[in-house]
Amino acid sequence: MQPEKTVSTRRVCLTFGVFNYLVNLDKLVLKFNMLHTLEKGLFDGLGKVRELQLHKNQIQTIEDKTFDDLEKLEILHLAKNNLSAVSTSWFSKLTKLQTLRLYENQLTSIPEDIFQNLPNLKEIAIMNYKTFQVTYSLL
């Protein structure tokens with residue numbers, strides 16, 4: 001028997017599968033929880049969630065495919081964390097995403113193809129960086 005996977009913080013411990021039965025959940029707010037890592041599978045079963053608030057944590061790492069089950073996600077708030085990089089694979093299945101907030105992290109650049117699979121994106125917030133490079137193809 002494998003040990004149960006959890007995401008532990010000083011304020012909350014999120015067990016993998018904790019959201020599986022919330023099939024009608026529309027909004028999930030996990031701000032101010034001192035989360036450090038988001039692992040693949042944490043949001044499985046939340047296919048109807050339209051808004052996910054993860055700002056004001058201490059997130060440094062997000063595993064690839066972590067957000068894949070969030071097919072209806074329109075708003076993703078990742079601001080005010082400790083992200084030093086972003087991956088295109090985080091957002092590859094989020095075709096309904098309209099708002100992406102990444103401000104006040106430790107980012108210095110964004111991959112050229114980051115917005116490639118986000119045809120409905122209307123708002124991008126990536127401000128408050130001392131040194132930040134934007135590739136022309138992003139604009």
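None of the figures in this text is laboratory data; all of them are computed from the coordinates on show. Quantities reported herein were computed from a predicted structural model and do not represent experimental measurements. Because the Cβ atoms are built from the backbone with ideal geometry, glycine has one as well, and the counts that use them run over all protein chains shown.
On a straight-distance basis, which lysines could pair with LYS48 in a cross-link, Cα separation under 16 angstrom, same-chain partners fewer than 8 positions away excluded? Within the straight-line cut-off, LYS48 pairs with LYS27, LYS72, LYS93, LYS96. Sorted largest first, the spans of the alpha carbon positions of the stretch 1-128 along the three principal axes are 42, 28, 24 Å.
Quick one: net charge around LYS80, please, counting Lys, Arg +1 and Asp, Glu -1 for every other residue with C-beta under 14 Å from its C-beta.
Values: positive: LYS31, LYS56, ARG101; negative: GLU104.
Residues near LYS80 contribute +2 overall.
With just the Cα atoms defining each centre, how far is the stretch 26-62 from the stretch 72-87? Give it in Å. Here the answer is 9 Å between Cα centres.
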